[in-house]
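Here's the structure, in structure tokens; my notes come after.
The values are calculated or read from the model by the stated rules, or taken from the named source; none is laboratory data. This one's a predicted model, so the numbers in the text were calculated from it and none came from an experiment. As a convention, Cβ positions derive from the backbone with ideal geometry for all residues, glycine included, and neighbour counts pool all protein chains shown. Only protein heavy atoms, including side chains, enter the accessible area calculation; ligands, DNA and RNA are left aside. Shrake-Rupley method; radii C 1.70, N 1.55, O 1.52, S 1.80 Å.
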Amino acid sequence: MSGQNTESAPRGLRIVIGSDEAGVDYKDALLADLEADGRVAEVIDIGVHREDEDFTRPYPYVGLAAGQMISEGRADRALLFCGTGLGVAIAANKVAGIRAATAHDSFSVERSVLSNNCQVLTMGQRVVGLELARRLAREWLGYTFDASSASAAKVQVLSDYEGC
């Protein structure tokens, strides 16, 4: 995994995980993976859950809720799923200060954090295989944005625009 130093990988992360009904199978599978990962201190499952009456809750509510939790400091990052990953990313990106990216390959996952300081990774259950989703989530957890990197000034332009 290029660009990743597992010795300095973040520890004690608070991760939100969520999905709509089109991503619930991946959410449930990766929830267990996150809970078993030593870099994760807390996993906050914001649904959906098959047994709940809000099982068909539309993806915007999931993306907005996850983004808000990060914005308010209640979580560090979020891993979100829907059919394509696009809807939950668009929704999360509506929250000021949040950068969400849909990524289905290792290089994009790496650059989402190292170049863009994305706090939210989204994937599509109808787009990527489960084992690839698991691998990408593991890789994503290991990346940390370097505020002294050449990318920091670019990310600051976005923060300044949003007033964050």
Original post:
Somewhere in segment 23-43, is a residue open to solvent by less than 50 Å² (accessible area, probe 1.4 Å), touching a Phe, Trp or Tyr at 6+ places or on another chain (Cβ under 7 Å) and of a type in the set (Val, Ile, Thr)?
Top reply: no
Subject >> Output for segment 120-138, where each listed residue is crowded, with 24+ Cβ neighbours inside 10 Å and not hydrophobic (A, V, I, L, M, F, W, C) >> reply: Thr122
Original post:
In the list Ile15, Ile70, Ile98, which residue meets the criterion of being assigned to a loop (DSSP other than H, G, I, E, B), modelled with pLDDT of 95 or more and under 11 Å from the mean Cα position of the chain (by Cα)?
Top reply: Ile98
Original post:
So how many residues does segment 46-59 have that are open to solvent by 50 Å² or more (accessible area, probe 1.4 Å) and either small (Gly, Ala, Ser) or outside any loop (DSSP other than H, G, I, E, B) (or both)?
Top reply: 1
Original post:
Among the residues of segment 74-114, which ones are surrounded by 23 or more Cβ atoms within 10 Å (Cβ to Cβ) and on the phi > 0 side of the Ramachandran plot?
Top reply: Gly85
**OP:** Can you tell me which residue within segment 123-164, out of those that are within 24 Å of Ala91 (Cβ to Cβ), in a loop (DSSP other than H, G, I, E, B) and at pLDDT below 95, is nearest to the chain's Cα centre (by Cα)?
**Re:** Cys164
**OP:** From the list Gly3, Gly47, pick out the single residue that is among the small types (Gly, Ala, Ser), touching an Asp or Glu at 6+ places or on another chain (Cβ under 6 Å), over 18 Å from Arg126 (Cβ atoms) and at pLDDT below 95.
**Re:** Gly3
